[in-house]
1. Given the criterion more than 14 Å from the ligand (Cβ to nearest atom), surrounded by fewer than 17 Cβ atoms within 10 Å (Cβ to Cβ) and of a type outside the set (Val, Ile, Thr), identify the matching residue among 145, 120.
2. Surrounded by fewer than 22 Cβ atoms within 10 Å (Cβ to Cβ), of a type in the set (A, V, I, L, M, F, W, C), in the same structural domain as residue 220 (by TED's automatic domain parsing) and at pLDDT 95 or above: is that true of residue 152 in this structure?
3. I'd like to verify a number: residues in the range 338-352 that are in contact with a strand residue (DSSP E or B) (Cβ under 6 Å, 6 or more places away or on another chain) and outside any loop (DSSP other than H, G, I, E, B), how many?
4. Which of the residues that make up the range 66-90 are over 14 Å from residue 217 (Cβ atoms) and either modelled with pLDDT under 95 or touching a strand residue (DSSP E or B) at 6+ places or on another chain (Cβ under 8 Å) (or both)?
5. Tell me, which residue of the range 218-257 that is without any contact (Cβ under 8 Å) to a residue 24 or more places away in the chain and in a helix (DSSP H, G or I) is farthest from the ligand (Cβ to nearest atom)?
6. Could you give every pair whose Cβ atoms fall below 8 Å, whose first residue belongs to the range 96-115 and is part of a helix (DSSP H, G or I), and whose second residue is more than 13 Å from the ligand (Cβ to nearest atom), counting only separations of at least 6 or pairs across chains?
7. Of everything in the range 182-191 that's out of contact with any Cys (no Cβ under 8 Å at 6 or more places or on another chain) and in a strand (DSSP E or B), which residue is nearest to the ligand (Cβ to nearest atom)?
8. For residues in the range 148-177 being assigned to a strand (DSSP E or B) and either under 16 Å from the mean Cα position of the chain (by Cα) or farther than 25 Å from residue 346 by Cβ (or both), which is farthest from the ligand (Cβ to nearest atom)?
Amino acid sequence: MLNVADLRSKFPILQNKIVLSSCSQSAISLDVLNAMEEYKESLLLHGMAWDLWMEKVENSKKEFAKLIHCDPKEVAVLSSVSDSISSILHALDLKGKEVCLTEMDFPCIGHAILAQQIKKEFNVTYIPHHNYTINSDIYEQFVHKNTALTCIPHVSYYNGFKQDLKKIAEIVHENGSLLFVDAYQSAGSIDINVKEMGIDFLAAGMQKYLLGVPGISFLYINHELAETLEPATTGWFGQAKPFDFNLFDLEYAESAQRFNTGTPPVMNAYVANAALLMINSIGMPAIEAYLNELSSFAIEQAKELELPIMSPSSPAMKGPNTAFYVENAHIIEEKMKQEGFIVSARQDVIRMAPHLYNTKDDLKEAIHLFKKLR
Ligand SMILES: Cc1ncc(COP(=O)(O)O)c(C=O)c1O
């Protein structure tokens, strides 16, 4: 059970705003604000503090590894999910093969795939959604022996629809394909175990349910698989011995760390470390259970007030985000902001995405205000 009142006191913005935007930018904790200060101090006090900075990057990576239940060496530190998928595509032999993605992926996955399609000479297949959900069985129809890579979002950025990763991984592997999971909308809200779920690649940034800021993203690659890959997007931090300053040879670092590129985003790693420490110390099972409760409550409220939602109406099929249909979503987002409610507009929906610091009252008030303004 979460101590929500205690958690709320750690997020200063909640004193005057209701923040329901974890699918875009979550509220920032005192721990994170202190971590920003700590980085500033390192510059003011030491001028240059490489050992300390690298330790923070390493620690943030360890915390992410703990979150998704893998070994830290199976995690690379990059700047964005876009970088992560681009880098994976560069590293794979795709000539004459097929890459699948879903119609519910975040656009950056499509962009990265389309940008490499012609040069690398592979075919692209979009797995369709039906009413903004995808039945896992449909993967049997689309993934086949020539599919080198299958890209899916764990949870949809648009409506919070959640996929069964374990089941999809089984179908993908039966067909000899690899599974790339974009977990940006699930990490920090759903307990992920990459080993139990059988995931090959998983990427997630810090800005959403991981309670951090943009500019840092973690890329998990299963160890055995990572050892077979030679990244073409690389840099000195992806090398076994970066501080040998060897200009003439390539010697990739162990495991997924070979997917590191240049100097890591140090300041963001300070933030990531603090935010992940908070999440890991509470534990994902308790966070996920609480967010499921809030998610069910939002669906009940929508039904009671007869508000159309674009999210699945079964809480078991979704993450915390509930997407309320409205034509002029961006205008409503702005109007709600003026009233002190931070929600997030996308296309034709207002997304209300609570986190561990929200209450049912937050949702109730926001949903009633939304009904009044739409
Ligand atoms: C599911 C998902 N993937 C990827 C992104 C974009 O990630 P990045 O900006 O790190 O490339 C977002 C951002 O909203 C997202 O929701």
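1. So the residue among 145, 120 that is more than 14 Å from the ligand (Cβ to nearest atom), surrounded by fewer than 17 Cβ atoms within 10 Å (Cβ to Cβ) and of a type outside the set (Val, Ile, Thr) is 145.
2. No, not satisfied.
3. Qualifying residue count, the range 338-352: 7.
4. Result: 70, 74, 89.
5. The extreme case among them is 244.
6. 112/89; 113/89; 113/99; 113/124; 114/124
7. Of everything passing the filter in the range 182-191, 187 is nearest to the ligand (Cβ to nearest atom).
8. Among residues in the range 148-177 that are assigned to a strand (DSSP E or B) and either under 16 Å from the mean Cα position of the chain (by Cα) or farther than 25 Å from residue 346 by Cβ (or both), the one farthest from the ligand (Cβ to nearest atom) is 148.
The values are calculated or read from the model by the stated rules, or taken from the named source; none is laboratory data. Keep in mind the model is a prediction, meaning the values are calculated, not measured. Don't worry about glycine lacking a Cβ; one is built from the backbone with ideal geometry, like all the others, and counts go over all protein chains shown.
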